[in-house]
Structure formats: structure tokens, C-alpha cells
């Protein structure tokens with residue numbers, strides 16, 4: 001057997017072993033989910049939702065946050081442009097959920113990361129000391145806020161976050177992207193939080209103590225970073241707070257229209273991964289069992 005054949009066989013073996021490791025990590029996650037308690041105190045919460053453009057099923061995504069089984073919470077929506085199509089969706093939510101405390105903030109803060117700049121501009125409208133942030137393409141169940149906020153009753157915990165799964169029901173490109181999320185990102189994230197200290201967050205869904213956010217310099221401190229979620233989690237951990245990855249999964253409604261959109265998203269994700277986790281990014285070349293299995297066949 002040639003050296004090349006041996007190398008390919010070794011990579012295929014490593015990749016297969018890694019997939020077994022992923023299965024075990026997923027089993028541990030599901031076991032935690034069955035045992036997880038959503039009890040504890042439920043302080044008032046401000047939900048921060050930066051918006052831009054109409055989005056796919058935007059109304060249903062945002063409405064899921066208005067249907068929360070939670071005693072007291074405020075929702076602050078933020079847009080840069082008063083003529084943004086998302087404004088009409090927020091106005092509809094105000095009409096259909098008059099019992100909810102809904103605020104619309106128009107304008108933007110400073111920073112090259114426009115999402116974080118939007119969040120910074122929304123902060124003066126936030127009335128509560130527990131802040132929950134999520135992207136506009138996220139859809140949640142009614143127990144979402146109870147789940148995210150529960151661990152923050154411990155003053156040693158500064159931030160909670162959770163995984164997300166992709167839902168691509170709008171053509172082949174969105175289906176392909178959902179496969180990337182569900183079969184690559186999620187298993188790798190489960191392995192990572194098992195084998196190393198958890199010191200980052202997933203931008204799709206984050207809850208943070210206002211005190212912890214202010215201690216790291218607020219959103220302004222991460223406004224020039226592409227991987228703002230990674231920076232937020234790392235800085236909160238560096239400030240001495242605990243981080244919790246919850247055994248809970250939200251849904252991201254994918255809007256990729258073309259295969260070019262999928263490619264662009266994957267390249268952006270790979271670049272972010274390379275900067276934040278260079279060792280993991282480099283080692284990922286030997287974790288794809290399908291590729292190495294085909295080469296070894």
C-alpha cells in the first residue's frame with residue numbers, strides 16, 4: 001500500500017472516529033435536555049431584535065416572540081432606515097399584540113458591524129436588566145424566554161446561549177444550507193463544548209446580564225468585529241462570569257435564494273471560524289467522513 005493510500009485511510013479512520021464522537025456528544029446533549037429544569041426566578045426582560053429588510057416569513061418569526069409564556073417583557077425592534085420594509089411588520093405586531101410592550105428604535109450607532117451598531121442604538125430604549133438578543137430569522141417556542149433567562153438567576157452566570165437548527169423550505173439552496181447547519185455546525189458545536197471550556201456564544205440567541213455587558217464596555221466594545229457573538233461570549237467569560245450553553249434549540253428560517261447565496265454564507269462562516277478557532281478550523285480538514293471514505297474506497 002502506497003504512502004498516499006495509507007494517509008487517506010488514516011484520515012478516513014480519524015473522520016469516522018470523529019463522527020462517533022459527535023454521536024456521543026449529541027446523546028449527552030439530549031440527556032441534558034430531558035433533565036433540564038426551567039424553574040427559578042423570572043425577572044423582567046428586554047428582547048433586542050435588530051432588523052433589516054423584509055426577510056423570509058419575518059412576521060411569523062417576530063410574532064413568535066410576542067407569544068411568549070413569560071410574565072413581563074419588553075421587545076425593542078431596531079432599524080436603520082425609517083422606510084425599511086420591516087417597519088410595517090413591527091406596526092402590524094403592535095396592532096395584533098396590543099398587550100405587548102413593543103418599541104421601535106430608528107437609527108444606528110457607530111461601528112463597522114451594522115448589526116451591533118443597531119443594537120447599540122437600541123440600548124437607551126431597553127428598560128430591564130436582562131437582555132435577550134436574537135436575529136430576525138429566528139423562530140422560537142413559547143417557553144423560549146423562560147429557558148434562556150432561568151440560569152441568569154445565579155449572579156455568577158453572565159450569559160446564556162443555545163444552538164439553532166436550519167429550516168429550508170424555500171427551494172434547493174435553502175435546503176442545502178440547512179443541511180450544512182444541521183449536519184456540520186451543530187455536531188461540531190456539541191463536540192467543542194464537551195472537550196473545552198465554553199467561552200463563546202451563538203449570535204442566533206443570547207441572553208446576557210446588563211451588568212456583565214456594561215462591564216465589558218457594552219456593544220461599542222465589539223462593534224468592529226465580524227464575529228461579534230464570539231467576542232461577546234469571550235469577553236463576558238474573561239470578566240469572570242460563567243457562560244451556559246442551554247440544552248435547547250431554536251429555529252432559523254433560511255432565506256438563501258441561489259446557490260451563490262449559500263456559497264457566500266459558507267465562505268463567510270469559514271473565515272469567521274478560522275479567525276476565532278484557528279486550530280479547530282485547520283483540523284476540520286480530516287473530520288469529513290464522506291470525503292475521506294470515498295477517497296479510501
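Nothing in this text is a laboratory measurement; each read-out follows from the coordinates by a stated rule. Quick caveat: nothing in here was measured; it's all calculated off a predicted structure. Heads up, the Cβs are rebuilt from the backbone with ideal geometry, glycines too, and the neighbour counts pull from every protein chain shown.
As a rough footprinting exposure proxy, the listed residues 72, 134, 178 were ranked by other beta carbons within 10 Å of their own, and the order from fewest upward is 72, 178, 134.
Can you give me the Cα centroid spacing of the stretch 162-229 and the stretch 34-111 in angstrom? Using only Cα atoms, the two centres lie 19 Å from each other.
Taking the longest Cα principal axis of the chain as reference, the axis of helix 228-238 is set at about 90 degrees.
Arrange 246, 9, 131, 232 by Cβ neighbour counts within 10 Å, fewest through most, would you?
On the way: 246 20, 9 14, 131 24, 232 27.
Result, fewest neighbours first: 9, 246, 131, 232.
Note on 159, 48: ascending count of other Cβ atoms within 10 Å places them as 48, 159, the fewest first. Among beta bridges from DSSP that stay inside the chain, the antiparallel ones total about 30%. Relative to the dominant Cα principal axis of the chain, helix 186-195 is inclined by about 80°. Which percent of the Cα-Cα distances in the stretch 3-296 go past 34 Å? Tail fraction, whole percent: 21.
Just from its helices, what would the mean residue ellipticity at 222 nm be for the chain, if runs of 4 or more DSSP H residues each count -39500 (n - 2.57) and the sum is divided by every residue, rounded to the nearest 500 deg cm²/dmol?
-14000 deg cm²/dmol
Helix 86-96 axis versus longest C-alpha principal axis of the chain: approximately 60°, rounded to the nearest ten.
Note down the relative contact order for the stretch 3-296 as a percent, whole number, built from C-alpha pairs under 8 angstrom at least six residues apart.
Working: 522 pairs, mean separation 74.0, N = 294.
Once divided by the residue count of the stretch 3-296, the mean separation gives 25 percent.
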